[in-house]
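Below: one structure, written as structure tokens.
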Amino acid sequence: MYLSLTAGLIMDDLDRELLAVKDLEDDNDSFDDNSSKASTKSKLPLVNLDMHAEPPRETGFHRSTRVCLEHIRDALLHHRWQEAAEYMACYPQIISAEILHHHPKSKLEDYNNIYERMKHSGVRHYLMICLEHSFHLLLNGHIEEAKRQLSVSESWRYGKESAAQFQRTKLIQAYRSLLDYIIWCDKKFTHSSTEHSDFADNQDIRNYFRTASVNLKEILKNPGVWDPFILSYVEMLEFYEDQEEALKVLNDYAYDNSFPPNPNAHVYLYQYLKRCDTAEKKLMKVLKVLHVLVPSHELMLEYISFLLQSEKSSDLQKALGVVLEMLDFACWRSNLDVWKRLEAIIQKLQLEYVEDVCKIVGSVCKRLPFFFICHIFLLKQMFQYIFVYSNRKDWKDVVFTKMAERQGWWPALHFTNFHASKDSEENPELMQVKAPLTKTLCPDLMLKYTDWQAINGK
């Protein structure tokens, strides 16, 4: 009876605490709702990104406290008393760590005492508390001590190993290997400033490389997002000129289907291949995949450059699609380089069309001196060829096909009166590039962008 009453009182307190945080979140949600209602009139099929929205007022400490309280309440509701006790033991110590973090006179010993108490308050969270402890040591420059903490936690076991415990152990191993890499970098920097033997032949430093590389290689067998660990491993492999292994690691990370889709994996592979002066064909292959994952990525500018250098007509049309997809995103709306790429692509499409038509005219005209009597028939035939050819390959048709699905919302994204005024004041060169393109991209629309030029005498 007493336990039930106590639990009920605790539940009431927890509900009040959680409702206070919920009210704080609701305030933010209501702000977002009002913002979304104000933008319902827009015809753009884009995600509403309110640039003036207030940042959430819930701090990291509030979030940690809320999560801890939610776990405690859930454990009480389901009568998981041991779990509830562990969370209740951690709760005041989380507050203690937060106080020390902000206290100007806090010492490392104080932190160590708090974290040691947290580790032994409940076995369920031992590994993650060890990891957090090592992060704190690392941020304060105690790299060797941070590594020691991770080494101890790596060998820690409790009962039958669960799937969650296995994953956390792998994470601990990964960060310990990352610390080996950091120590390797420090020793490399220190050694490079001296005039002693070659760093690559230093046995002590090679030991750190071997320890880190063995564990990192093992970690990368587990599907996941391992970006900082991949970069560390590849840097060490490059230093010791193991290009084959570095390329294998990056290829596996990018193309192994057991790993989650990760644009960074393709970025790292592309950057590595570029450092190795790889052929453009292979570079384009990597960028092609990256384009599917993130069509707005800044490396798409390089992809467009490669496509423009290609002699294939299909690549030029592909370049047009890539640059238009970049401009579908507001982050590129005022970027002069992207608009210049679009201008260059359209000019090249026009030039290719003119050259192809001239070839047909030239091939027909060569026959005129020999069959001058039939010149009327030949001229008629020539114009028929040009007419048919232009209907099939006209550059305007290519642009129209790409812009067909954008006609309803692109003008509002790029060519309004507001954009004209802003471009004129902040980036006149951008306006000089965009203005002639309006008739090419939206030939059937009367755009305020060009109207503004006429009204203001630009």
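The values are calculated or read from the model by the stated rules, or taken from the named source; none is laboratory data. Since the model is a prediction, treat every value here as computed from it, not as a measurement. In this analysis, Cβ positions are derived from the backbone assuming ideal geometry, glycine residues included, and neighbour counts consider all displayed protein chains. Calculation scope for accessible area: heavy atoms of the full protein, side chains included, ligands and nucleic acids excluded. Shrake-Rupley method; radii C 1.70, N 1.55, O 1.52, S 1.80 Å.
Quick notes on this structure:
- Sum of side-chain charges, residue 324 neighbourhood, beta-carbon under 9 Å (Lys, Arg +1; Asp, Glu -1): 0
- Surface accessible to a 1.4 Å probe, residue 419 within the full protein complex, Å²: 20 Å²
- Other residues whose C-beta falls under 14 angstrom from the C-beta of residue 136 contribute a net charge of -2, scoring Lys and Arg +1 and Asp and Glu -1.
- Highest to lowest packing among 167-174, 421-428, scored as the average C-beta count within 10 Å: 167-174, 421-428
- Estimated distance in nm for a label pair at residue 352 and residue 203, the labels positioned 7 Å out from Cα along Cα-to-Cβ: 6.2 nm
- Residue 214 contributes an accessible area of around 100 Å² to the protein surface, as traced by a 1.4 Å probe with all chains present.
- FRET efficiency, 1/(1 + (r/R0)^6) with R0 51 Å, evaluated for residue 244 and residue 139 via beta carbons: 0.90
- Which of 292, 322 is most accessible, then next, and so on - probe 1.4 Å: 292, 322
- Exposure rank, largest accessible area first [208, 449; 1.4 Å]: 208, 449
- Solvent-accessible surface (1.4 Å probe) assigned to residue 158 amounts to roughly 130 Å².
- Stretch gain in nm, segment residue 302-residue 225, where the contour uses 0.36 nm per residue and the Cα spacing is subtracted: 25.2 nm
- Take the range 252-308 with all the other protein chains still there, run a 1.4 Å probe, and you get 51 Å² of accessible area per residue.
- Solvent exposure ordering (accessible area, 1.4 Å, most first) of 401, 438: 401, 438
- Taking 0.36 nm per residue of separation and subtracting the current Cα-Cα distance, fully stretching the chain between residue 288 and residue 335 would add 14.7 nm.
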